[in-house]
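The values are calculated or read from the model by the stated rules, or taken from the named source; none is laboratory data. Remember, it's a predicted structure, so these values are computed and weren't measured experimentally. Neighbour counts run over all protein chains shown; Cβ positions are idealised from the backbone, glycine included. Areas reflect the complete protein model, heavy atoms only, side chains present, ligands, DNA and RNA absent. Shrake-Rupley method; radii C 1.70, N 1.55, O 1.52, S 1.80 Å.
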Amino acid sequence: MKIISFINYIIAVLFFACYSYQLLYIFVPFIRKNKPHGNTKLHRYAVLIAARNEEAVISHLIESIHNQTYPSELIKIFVVADNCTDHTASVARAAGAVVWERFNRLKIGKGYAIDFLLDRIGKAYPERSFDGYFVFDADNLLDENYVWQMNQSFSDGYRIITSYRNSKNYGTNWISAGISLWFLRESQYLNRSRMLLGTSCTVSGTGFLFHRDIIEKSGGWKYFLLTEDIEFSIQNIINGEKVAYCESALLYDEQPVRFSQSWNQRMRWAKGNIQVCQKYGVELVKSLFRDKCFACFDMTMTFFPGIILAAISGIINLFGISYGLLSNENFMVILQSIWESTRNAYLMFFTIGVITTVTEWKNIYCPAFKKILYIFTFPLFMFTHIPISVAALFKKVEWKQIEHKESVTLKEVRKVENQI
């Protein structure tokens, strides 16, 4: 079964070939500096929040928006209570938001809810009252200077802007820490580096801003795949837009703490990436060569090869182990190959975890010993993407709600900053 070892070697080479350029991203923030902002203008913004059974957390998000240093009269908060069976709508209204309720059991998902909300806003405010639209999830919390910082980037002329994504519950367990650390790495060693190099970043789920013209050009929010954020990013990049990153705009959100929830969430992401590949893959590759677009290459590498290679690796090694157990032929060769691949992957993810944790230490709100502990568990969390990638190729996946229970204020999140 030396063929298994050979295939593992080829997969490792392909992984390196596809993602070695991202290793260079790690060094960019230490070499290049942010450009200074130009003249800042005050703009009027609408905040879009799609919420499904979020009565436990939505008031804290709205409170953090009201507490912004940006002029409050220039921010209007809109909530779509989407297929809710609790008191989300009444809680959001009491907190000061304009709320519409939506009940549609056929068109389920955040994309449909955002499109519904934009349609209602367009009818209620036909005079084009808003220059830009923020998108947040109901479990988010915003740093007090969030809107002000995003407005500075908006004033610089950027039409789509994403922000620094932090966690409300990093220290709960290895599961919440795993995805939180990945998002910190994505913010600072993907999007920040892209921004410094002048290429396009990518929107990641929540905490982003887009210009009114973006949505008017597309006739509403027409992104309905399981990963509507990636679909939004890639279609706009293909159309020549550049997604910017505002490092100083800090957002906090809640991550799953149960493995079943994390599995469902990442299964949706994996299946959504496959959907995006099927819908936009050919056009993305065409744009890469037609327009000499590095951002198109970057998006292709970021979202597509990884899931395929991880799935192939999982299937091949599962077959190898099964065959070895049944035939007892060269079983140790198979195990040695798997061990070498696992060891190398562990060291790679461990290094990423170390660099991200050290540089973002002050922004990680949990006791110091947990910050260190979760560096070691981070690679284990990343390994769980392998069975998810395999299952996503074959399984039908539908949108499922992630229950949010971390009903905390921004002040409460920050209380653990200096714990030991």
I'm checking my understanding of the structure. Among residues of segment 39-73 that are open to solvent by 10 Å² or more (accessible area, probe 1.4 Å) and free of Cβ contacts under 8 Å to residues at least 40 places away in the same chain, which one is farthest from the chain's Cα centre (by Cα)? Glu73
Considering only residues that are in a loop (DSSP other than H, G, I, E, B) and out of contact with any Gly (no Cβ under 8 Å at 6 or more places or on another chain), which ones fall in segment 275-305? Lys292, Cys293
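Here is a list: Glu412, Glu398, Glu360. Which entry is closer than 30 Å to Glu144 by Cβ and loosely packed, with under 15 Cβ neighbours inside 10 Å? Step through it out loud before you land on a result.
Working: Glu398 fails: closer than 30 Å to Glu144 by Cβ; Glu360 fails: loosely packed, with under 15 Cβ neighbours inside 10 Å.
It is Glu412.
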Output yes when any residue across segment 107-118 is over 26 Å from the mean Cα position of the chain (by Cα) and not acidic (Asp, Glu), and no when none is. no
May I ask you to say which residue of Asn8, Asn67, Asn34 is in contact with an Asp or Glu (Cβ under 8 Å, 6 or more places away or on another chain) and over 21 Å from Cys246 (Cβ atoms)? Asn8
Cβ-Cβ distance below 9 Å, separation of 6 or more or different chains: which pairs start in segment 137-150 with a residue that is among the hydroxyl-bearing types (Ser, Thr, Tyr) and end on one that is part of a helix (DSSP H, G or I) and modelled with pLDDT of 95 or more? Tyr146/Ser64; Tyr146/Ile65
Inside segment 240-269, the number of residues satisfying the requirement of being open to solvent by 10 Å² or more (accessible area, probe 1.4 Å), assigned to a helix (DSSP H, G or I) and not polar (S, T, N, Q) is 4
Kindly check whether there is at least one residue in segment 15-31 that is open to solvent by 60 Å² or more (accessible area, probe 1.4 Å), under 25 Å from the mean Cα position of the chain (by Cα), more than 17 Å from Tyr245 (Cβ to Cβ) and small (Gly, Ala, Ser). yes
Between a first residue in segment 184-195 that is small (Gly, Ala, Ser) and a second residue that is surrounded by 22 or more Cβ atoms within 10 Å (Cβ to Cβ), which pairs have beta carbons less than 6 Å apart while being 6 or more apart in sequence or on different chains? Ser187/Tyr164; Ser187/Arg165
Answer residue from segment 271-290, given it is of a type in the set (D, E, K, R) and surrounded by 13 or more Cβ atoms within 10 Å (Cβ to Cβ) and is nearest to the chain's Cα centre (by Cα) among those: Lys271
Going through segment 171-193 in order, the residues found to be under 15 Å from the mean Cα position of the chain (by Cα), buried (at least 21 other Cβ atoms within 10 Å of the Cβ) and not hydrophobic (A, V, I, L, M, F, W, C) are Ser176, Gly178, Ser180, Arg185, Ser187, Gln188, Tyr189, Asn191, Arg192
Within segment 113-157, restricting to residues that are surrounded by fewer than 21 Cβ atoms within 10 Å (Cβ to Cβ) and among the hydroxyl-bearing types (Ser, Thr, Tyr), the one that is farthest from Ser200 (Cα to Cα) is Tyr125
Does Gly320 meet the test of being over 21 Å from the mean Cα position of the chain (by Cα) and either at pLDDT 90 or above or of a type in the set (Gly, Ala, Ser) (or both)? yes
Looking at Ala81 and the list (1) open to solvent by less than 20 Å² (accessible area, probe 1.4 Å); (2) more than 19 Å from Phe210 (Cα to Cα); (3) not in a strand (DSSP E or B), which single condition is not satisfied? (3)
